[in-house]
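Take a look at the structure set out below.
The values are calculated or read from the model by the stated rules, or taken from the named source; none is laboratory data. Since this is a predicted model, take the numbers as computed values, not measurements. For neighbour counting, all protein chains shown are included, and Cβ atoms are generated from backbone atoms with ideal geometry for every residue, glycine included. Protein only, heavy atoms only, side chains kept; ligands, DNA and RNA dropped before computing areas. Shrake-Rupley method; radii C 1.70, N 1.55, O 1.52, S 1.80 Å.
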Amino acid sequence: MIRRGLTRALMVVWFAAMPAMAADDGAKVLRYAFPVAETGFDPAQISDLYSRTIAANIFEAPLTYDYLARPSKVVPQTATALPEISADRKTFTFRIRPGIYFADDPAFKGQRRELTAADYVYSVKRHYDPKFKSPSLFQLENGKILGLSELRQQAIERKQPFPYDTEVEGLRTLDRYTFQVRLAEPSPRFYYWFADGAVTGAVAREVIEAYPDRTMEHPVGTGPYRLAAWKRSSLIVLERNPTFRDDPYDAEAPADDARSQAIAERYKGKRLPMIDRVEVSIVEETQPRWLAFLNGEHDLLERLPNDFAPVAIPNNRLAPHLSKRGVLMDRVPLVDATFSYFGMEHPVVGGYTPDRVALRRALGLAYDVEQEISSVRRGQAIPAQAIVPPLLSGYDPNLKTEMSDFDLGRAKALLDLYGYVDRDGDGWREQPNGEALILEYSSQPDQASRQLQELWDKAASAVNIRIAFSIAKWPEQLKASRAGKLMMWGVAWGGVSPDGSYYLDLMYGPNKGQANHARFDLPAYNELYRQQLVMPDGPEREAVMREAKLLGVAYMPYKVTGHRVATDLMHPWVQGYRRHPFLRDWWRYVDVDPAVKAEHAK
């Protein structure tokens, strides 16, 4: 391990202290790194990509995505089939397969614990429990499950524990293996939320009640892996769940994708998972992550750091020196958006009056998106015109807006027009009321974040606005952001389903403190959001989504800069890997060949 000076030799010593995980036990092991630290593994409490990646390999939702199918295709996981959906798109009935079991845990008192419909009912209710402050609650509340929001409000008003045993009309079991969700309004795509194990994965009530204050560190699910060791913000180790069911490889590859076709043919029918152990290191700096891959300490380099794109993929083709070593490349568009938000409740940059809107738009025009893409992203992104990225409903490849413009003249003119001028002759602009104008941009200490800080410093200085940077680790910034304490913060938002509404969630008023970190709350936008949510896919819905996106451009709660392209590199002993736009639990579908690794080590 590289971070904090932990060498590979020290990591082996650390493993030696755990007999079940000897470093050289002949097991198939996948080693790679996250660039950002995890926060924990409780589906009701996590929202970051990295924690959710771990959780999705431990917990299972009723549905999932076909690993190879493109366009993406929802398929059953623990369910017997896709849910039965009523004609009015308000009722969803799920039937769970008998004979699926949770990983063994002392909470089960030595008994095998079968997965039942009641586990999914309980797991969904946990998001409504005020105790957990679930960052995923908005996804479910926007679906308007009958009775659950009212039950949550009742617990808040009475200051009582959430009444899990109270049955509600919108979420109930029909029998041991069947549960039903009923909504107040049509929601054609609501079932997508039941294809994400990191959100609607089943937890066992006995485990939650046995470890009430340790749910973030003691995950127990039905998935292919279980947590074996965790050194917070440093190393996460998962091992094969020995009680995992017989789950054969069965993926549907596109006819025009020869590589995926070969993978599907090779692994069809093989029992999953194929890897025995996964070791995830937290390596925040790009150079150590790159060197760990080159040295063979890591088997896979997920998301090639932008700094090394010219060396590894000149002209977006795998470099000859890597090709000679048998390294493989998987390069696909990411379903994501990178942006900086403005805190809409902040007294300096927030608000809906013309002067505040002008300030945000001016700052957006002063920021050079093309320079970010060329110098920070190293060409591994495309400029954003609105918040919805490619591959999703609501994305329009022909849309052109002010979002991607760089125009210092217009920026300065906007500021002058609305009273942001230098009143005391010190060279810096003041607010229209004469008070000091100082931006505070929150960020992280890693190299990529530092490069973005330089661009924002350059943008602000170019229009004579002072800016300061507040630096902290990612989990700390995330906590402060959810509480509405940040003026500005730069992050990315990754897609979880083919529905572009997930990005419109970022500006929906009731989602404040959850997806809506900017805390934007515009009645006209909220109405458009609600309209598109109940509409079936088609041109009419696309038109409503477009109008909502344009309001986001006009009011600028988010300066959206780009949609990234991901390049994953893997050594030749990592086999069967293809990046999926939404599937997080891909480990089960990948193999590691020790013989090939040994051959390359010679």
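Using the Cβ-Cβ distance between Ala468 and Thr353 with R0 set to 30 Å, the FRET efficiency works out to roughly 0.80. Based on Cα contacts under 8 Å between residues 6+ apart, the chain shows a relative contact order of 19 percent. Label-to-label distance, Glu167 versus Gln111, with points set 7 angstrom from Cα along the beta-carbon direction: 2.2 nm.
Extension gain, Glu547 to Ser86, is 163.0 nm, computed as 0.36 nm per intervening residue step minus the present C-alpha separation. Over all other residues within a Cβ to Cβ distance under 13 Å of Trp428, the charged ones net out to -2, with Lys and Arg as +1 and Asp and Glu as -1.
What does the charge add up to near Glu345, with Lys and Arg as +1, Asp and Glu as -1, over the other residues with Cβ less than 12 Å from its Cβ?
Residues near Glu345 contribute +3 overall.
Which of Ser461, Ala319, Ala61 sits farthest toward the positive end of the charge dipole of the chain, with +1 on the Cβ of Lys and Arg and -1 on the Cβ of Asp and Glu? Farthest along the dipole direction, towards plus: Ala319. Sparse packing (at most 13 other Cβ atoms within 10 Å of the Cβ) combined with a DSSP loop state is found for the following GluC sites (Glu not before Pro) in the range 73-175: Glu167, Glu169.
Label sites at Arg423 and Lys159, each approximated as a point 7 angstrom past Cα along Cα to Cβ, lie 4.4 nm apart. Rounded to the nearest 500, the helix-only mean residue ellipticity at 222 nm of the chain stands at -8000 deg cm²/dmol, with each DSSP H run of n ≥ 4 adding -39,500 (n - 2.57). The stretch between Asp250 and Gln451 holds 68.1 nm of extra length on full extension. This uses 0.36 nm per residue minus the Cα-Cα distance. Counting only protein heavy atoms and a 1.4 Å probe, the range 135-250 has 42 square angstrom of accessible area per residue.
Electrostatic tally near Tyr503: other residues with Cβ closer than 12 Å to its Cβ, Lys and Arg +1, Asp and Glu -1, net -2. Between the range 514-579 and the range 135-202, what's the alpha-carbon centroid distance in Å? Computed from Cα coordinates, the inter-centre distance equals 24 Å.
Applying 1/(1 + (r/R0)^6) with R0 = 30 Å to the Cβ-Cβ distance of Lys602 and Glu217, what FRET efficiency is obtained, to the nearest 0.05? With R0 = 30 Å, the Cβ-Cβ based efficiency is 0.15. A simple packing score, the average count of other Cβ atoms within 10 Å per residue, orders the peptides 238-247, 59-68 as 59-68, 238-247, with the highest score first.
Here the contact order of the range 174-273, divided by its residue count and restricted to Cα pairs under 8 Å and six or more residues apart, works out to 15 percent. Anisotropy class assigned to the range 30-137 is rounded, per the alpha carbon gyration tensor with a/c under the 1.5 cut-off.
Shown here for the range 112-160: trypsin sites (Lys or Arg not before Pro) in loop regions (DSSP other than H, G, I, E, B) with at most 14 other Cβ atoms within 10 Å, namely Arg112, Lys133, Lys159.
A Cβ-based charge dipole, computed about the Cα centre of the chain with Lys and Arg at +1 and Asp and Glu at -1, lands at about 780 debye.
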